[in-house]
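Step one of this worksheet: look at the structure below.
Bear in mind that the values in this text are calculations on the coordinates, not laboratory data. Values in this document were obtained by computation on a predicted structure and should not be read as measured data. No Cβ is skipped: glycine too gets one built from the backbone with ideal geometry, and neighbour counts run over all protein chains shown.
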Amino acid sequence: MSKVVAFVINGIGDHLMALPAMRGLMRLFPELTVVATEQAAQPVFGGLACRRLIGVKARLNRGYHFDPGRLAREIGRCDLFISLVPWHSAEVSRLLRGLGSPRTVGFSDTYAVPVPWWPSAHTCDRVFRIVQWFRPQWRIASFAAPLPADDVSGQIADGFLRHAAGGRKVLAFHNETLLHKRWPKRLLHSALVQFLARRSDFVALDLARVLVPMAGDDVPADPRWLRLPGTGSLELAFALVARSDLFLGADSCMLHAADLQRVAGVGLFGPAPADPVGCREMGFRFARHRHLHHAEGLAAVRPPSVVRSLLALAPSANQPPWHLAGIDPPVPA
């Protein structure tokens, strides 16, 4: 039997945007071996019934770097290598030689089957083009289900929200990303204060896994300001996103998690031309949303416009919170 390897060493958000494509490859190749970045492998792909999931220690320094010899030994024999990332490097070339030069498919002319990196498309759709090379008639919507459930993290999230949120709805927010992608914290703080003043039925949940004070020395001593509990694992953050009613965030992995979970949200993006490439390629794809951006940078995005967008997307006051509703989020047709 042929051994097929899917390679996706990249950022956490890129793993999430590759999830529909990975599901498609799983249907094509039930014995698939998945190679992913160590910190994202289990949280994103752990629920897939792949033959083997290999988490790789990779460092980011002008590209992703890993030990190709060690990875080749861990993978073993390989007949078909499928790359789901838009980059290629000398280390990937060494990995392929270590695997015995298998047949290859990927987004580069260095692969035997070079799949075009679809211009002006969302990254989810671009990556899914790999699947469509094998099955042109398949559509991404059939594979864009929410993240696989993690039972332990789900139970922790349920208990935390019962205690901390009670019967209130949850506005999850996330601003923990690369510095140039962050919304200035004073503006974020102002927007959240204004939103909570307008919607007393909400709490605000900070999904940051490394605590960064919101404004001044700390956030207000208000029971409606919540922080990611415990160790702040990625699995727990994903579980809390899935139970949220609304999302606000910069271009980060949690925006993509909210999108897959069908949590309506506002995405904040920085400098962009009239046709916002960042939003189009890296913003929401499946959930109801609004993207806000400004050609002068994120600091020019003002809190009132963010609050108006959140209010427009927020569920009505008499609608039960997701974490108490007992229903699953919708999946597109």
**Asked** Between Val203 and residues 5 or more places away or on another chain, which pairs have amide H atoms under 5 Å apart, with H built 1.01 Å from N, and which residues are they?
**Response** Lys169, Val170, Leu171
**Request:** May I ask you to derive the relative contact order of the chain, considering only C-alpha pairs under 8 Å and at least 6 residues apart, and to give it as an integer percent?
**Result:** 16 percent
**Asked** Where does each of Arg168, Arg139, Arg59 land when they are ranked from fewest to most other beta-carbon atoms within 10 angstrom?
**Response** Arg59, Arg139, Arg168
**Item:** Estimated vicinal HN-Hα couplings, Hz - the range 175-188 in sequence order (Karplus 6.51, -1.76, 1.60; Gly, Pro = x)
**Value:** 10, 8, 8, 4, 3, 6, 9, 7, 7, x, 5, 5, 6, 4
**Fill in**
For Leu248, other-chain or 5+-apart residues with amide H closer than 5 Å (H placed, Pro excluded) are Ala172, Phe173, His174, Val266
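Note down, for the range 1-114, the three equivalent ellipsoid semi-axes (square root of 5 times each alpha carbon gyration tensor eigenvalue), biggest first, whole angstrom.
Details: eigenvalues 65, 59, 37 Å².
The answer is 18, 17, 14 Å, longest axis first.
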**Residue among Arg62, Arg199, Arg224 with the largest mean-square fluctuation in a Gaussian network model of the chain, springs linking Cα atoms under 10 Å** = Arg62
**Message:** As an exercise, take the mean of 1/r over every pair of distinct alpha carbons in the range 151-325, invert it, and state the Kirkwood radius in angstroms.
**Reply:** 16.0 Å
**Message:** Run the reach check for Lys185 against lysines, Cα to Cα strictly under 24 Å, same-chain hits fewer than 8 apart removed. What comes back?
**Reply:** Lys169
**Asked** Nearest 10 degrees, 0 to 90: what angle lies between the long axis of helix 151-164 and the longest principal axis of the chain (Cα atoms)?
**Response** 10 degrees
**Request:** Counting other beta carbons within 10 Å of each Cβ, put Val35, Val301 in order, fewest first.
**Result:** Val301, Val35
**Request:** Would you list which aspartates and glutamates come within 17 Å of Lys3, measuring only between C-alpha atoms, while excluding same-chain residues fewer than 8 positions from it?
**Result:** Glu31, Glu74, Asp79
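State, as an integer percentage, the relative contact order of the range 151-325 based on alpha-carbon contacts under 8 Å between residues 6 or more apart.
On the way: 301 pairs, mean separation 45.6, N = 175.
RCO, the range 151-325: 26 percent.
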**Prompt:** Given H placed on each backbone N at 1.01 Å, which residues far from His293 in sequence or on other chains put an amide H within less than 5 Å of it?
**Reply:** Phe269
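How large is the convex hull of the C-alpha atoms of the range 142-211 per residue, in Å³?
Details: hull volume 10.7 nm³, N = 70.
Cα convex hull per residue, to the nearest whole number: 152 Å³.
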**Complete:** With -39,500 (n - 2.57) per DSSP H segment of 4 or more residues and division by the full residue count of the chain, the 222 nm estimate, nearest 500 deg cm²/dmol, is -10000 deg cm²/dmol
